[in-house]
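The values are calculated or read from the model by the stated rules, or taken from the named source; none is laboratory data. Just so we're clear, the structure is a prediction, and the values are computed from it rather than from any experiment. Methodologically, a virtual Cβ is constructed for each residue, glycine included, from the backbone with ideal geometry; neighbour enumeration extends over all protein chains shown.
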């Protein structure tokens, strides 16, 4: 049996009050890490911390609130959490919008949240990781980074940028004992995605019917033929966060249900 041991490590998972982020926080806590749970609203963060600690039967999660789409919010979080061994940049926004109707301000908002929030945190925590000779940075990307969806090119483009961010910072920390990777997540079942699915299919359909119709019409490349569960993404993140993945860096690792039509990772 292969054991993932993160005892003694401190992790920060951004955007972790629900969905994939919450599942990642829970998985890292189960592996022994102390985990900062992040969101903009302190009350929402506190509720998520209590929920994750209850379901994992641990007390390893703690509140790390802050609006990471702003420089001030990032600085405030870093003041309260100066040292991190594992940084998971999961924060992201998405939504369907006709390509020609996406305004400049919306493009800027997507880049602030989906790209610059990760860049700011990497700049904040990577120097300490390299000084200590160990660390993990994981940027949660998407199949949309490779297969740009017609209905949300602003989202796909920011996730493409995140792949470049990951590769670049992996080069900047070469030989340090720190790894920097992207995780290409495929279509995943979360509350936000359920809302998104119903933007694109008949709202009168049951969830199971809506999911099948969405995959058939909008994600036909999927070999899994279903939405991925958040815990399936979290499993890969936990591995890449561990000493077991010491030789994997600068990579874009796929957990996409075979959605991206490529024989390379």
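Some points to look at:
- Boolean, residue 214 is in the same structural domain as residue 88 (by TED's automatic domain parsing) and free of Cβ contacts under 8 Å to residues at least 60 places away in the same chain: no
- Scanning segment 230-250 for residues that are in a loop (DSSP other than H, G, I, E, B) and either within 13 Å of residue 143 (Cα to Cα) or touching a helix residue (DSSP H, G or I) at 6+ places or on another chain (Cβ under 8 Å) (or both) returns 241, 248, 249, 250.
- The set of residues from segment 21-42 being in contact with a helix residue (DSSP H, G or I) (Cβ under 8 Å, 6 or more places away or on another chain) and assigned to a helix (DSSP H, G or I) comprises 22, 23, 24, 25, 26, 27, 28, 29, 30.
- Condition met for residue 217 (touching a helix residue (DSSP H, G or I) at 6+ places or on another chain (Cβ under 8 Å), at pLDDT below 95 and either at positive phi or surrounded by fewer than 15 Cβ atoms within 10 Å (Cβ to Cβ) (or both)): yes
- Whether a residue is assigned to a loop (DSSP other than H, G, I, E, B) and buried (at least 18 other Cβ atoms within 10 Å of the Cβ) was assessed, and residue 92 passes this test.
- Identity of the residue in segment 10-20, assigned to a loop (DSSP other than H, G, I, E, B) and touching a strand residue (DSSP E or B) at 6+ places or on another chain (Cβ under 6 Å), that ends up surrounded by the fewest Cβ atoms within 10 Å (Cβ to Cβ): 14
- No other residue among 180, 197, 165 is part of a helix (DSSP H, G or I), modelled with pLDDT of 90 or more, within 15 Å of the chain's Cα centre (by Cα) and more than 18 Å from residue 22 (Cα to Cα) apart from 165.
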